[in-house]
Amino acid sequence: MKVLVLGPGGREHAIIRALKADSAVTEVHAAPGNAGIAQDVTTHAIDANNPQEATKIAQELAVDLVVVGPEAPLVAGVSDALRDAGFAVFGPSKAAATLEGSKAFAKEIMAAAEVPTALAHVATTEEEAIAALDAFGAPYVVKDDGLAAGKGVVVTEDRDAATAHANACFAAGGSVVIEEYLDGPEVSLFVLCDGTNVLPLSPAQDFKRIFDNDEGPNTGGMGAYTPLPWLPEGFVEEVVERVARPTITEMARRGTPFVGVLFCGLAVTKRGVRVIEFNARFGDPETQAVLARLRTGLGQLLMAAAKNELAEDIALDWDPRTAVDVVMAAENYPDTPHKGDVISGLDAANALDGVHVAHAGTAEKDGEIITAGGRVLAVVALGDDLASARELAYKGIDAISWDGAQYRKDIALAAAENRITVPSADS
């Protein structure tokens, strides 16, 4: 099959690498891609958020499958336009992508499907926000109701800071969802969906804060690892039966079947599994780690989902090794990242055994790779255990440099040192 991947980032680079490893995939194209993706496949400079442009390039290439990577084109209706033009598409419709596009809508779906999640209030004024903050108490959790690229959430002990974030969202014309704080470690689980059937991948954990020890502002994610040795037995099966399947069933019941990947952001609390949020696409940077271990042909899985033919009983083949990826970000990220810095050492990092570099915010200029975004790249490593995978990833990091590069030094460290605990009901 010939596949077109829409999107510019690290998630898309990881998807493309996995597609190229699938024997059933004969050709891969990317639009718009980035400098690293352009080294692997042919790229096309279009606006991937534009339904007409996306459809036109798919028609020109006569592709068999289109994979929509980021959330913005999904919410813009790119999947709908492609399906209307007769293409097999892996990515939910605009209506189904509202699961990510509106946190209030996601709460409504979870309530209808009896999916366990945090208690929440939707606020549209400062008065409503203050009342909700006082009702839940600290730590305060305030989420922008719309898309915010992973940076629209504030979790703080400071009531004034929580109120200020809510007011900033109101000033931009939006609303906020204020939630109870969920204790316990977080887990990301990708579930492939064909509108009816669901197939989970390997759970991962990401790191959202910019600095070590989970300090500083939220980012799109600074690293991830998989599998998670500390997860309770039967965790994935529980999430499928209590979260993913009821959600997909409710979406279908409403006439908006969900075809794509349901990203379940979860907390393992003393009261059991709770949903933090849903996303309507693969997460970044978890995808870089998860797909590095997947041996089953990704193209065949995504095509089966797009055709409503996903087999739930398929036994996915996973590399037994552990995957760790560490994001290198530009100077001043996540505020206003500096762009245009020349990156050195990419070949040296890619030459390391068990290591590869997934590009995100990169571009090519005068024959050199330069920074072109906030999160610039992720160094992905496979090792026999967490400690060796971490060591390899950071060896790759050490090979790469540019002015102002920043990264966390503690990705997966707590798990490697057995310091993650799952709260129990009596704790």
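Within the chain, DSSP assigns beta bridges of which about 80% are antiparallel (rounded to the nearest 5). The label-point distance for Ala138 and Glu157, in a model that sets each label 7 Å from Cα toward Cβ, rounds to 0.6 nm. Judged by the ratio a/c of the largest to the smallest principal axis of the C-alpha gyration tensor, the chain counts as rounded, that ratio being less than 1.5. By definition, a body whose alpha carbon gyration tensor gives a ≥ b ≥ c is prolate when a/c is 1.5 or more and a/b is larger than b/c, and region 59-188 fits this prolate description. Working note: Karplus 6.51/-1.76/1.60 with θ = phi - 60° gives region 242-248 the couplings 9, 10, 5, 4, x, 5, 5 Hz, where Gly and Pro are set to x.
On the chain, 47 percent of the accessible area sits on carbon and sulfur atoms, based on a 1.4 Å probe. Decide, for region 250-321, between rounded, prolate and oblate: order the square roots of the alpha carbon gyration tensor eigenvalues as a ≥ b ≥ c, take rounded if a/c falls under 1.5, and otherwise choose prolate if a/b is larger than b/c, else oblate. Because a/c hits 1.5 or more and a/b fails to exceed b/c, region 250-321 counts as oblate. Solvent-accessible surface (1.4 Å probe) assigned to Arg271 amounts to roughly 130 Å².
For region 229-290, the solvent-accessible area with a 1.4 angstrom probe is 33 square angstrom per residue. Extension gain, Ser23-Asn350: 0.36 nm per intervening residue step, less the Cα-Cα distance, totals 115.4 nm. Remark: accessible surface ordering of Tyr225, Tyr394 (largest first) is Tyr394, Tyr225, probe radius 1.4 Å.
The values are calculated or read from the model by the stated rules, or taken from the named source; none is laboratory data. Note that the structure is a prediction, hence the values are computed from the model and not measured. As a convention, Cβ positions derive from the backbone with ideal geometry for all residues, glycine included, and neighbour counts pool all protein chains shown. Just the protein is used for accessible areas: all its heavy atoms, side chains included, with ligands, DNA and RNA removed. Shrake-Rupley method; radii C 1.70, N 1.55, O 1.52, S 1.80 Å.
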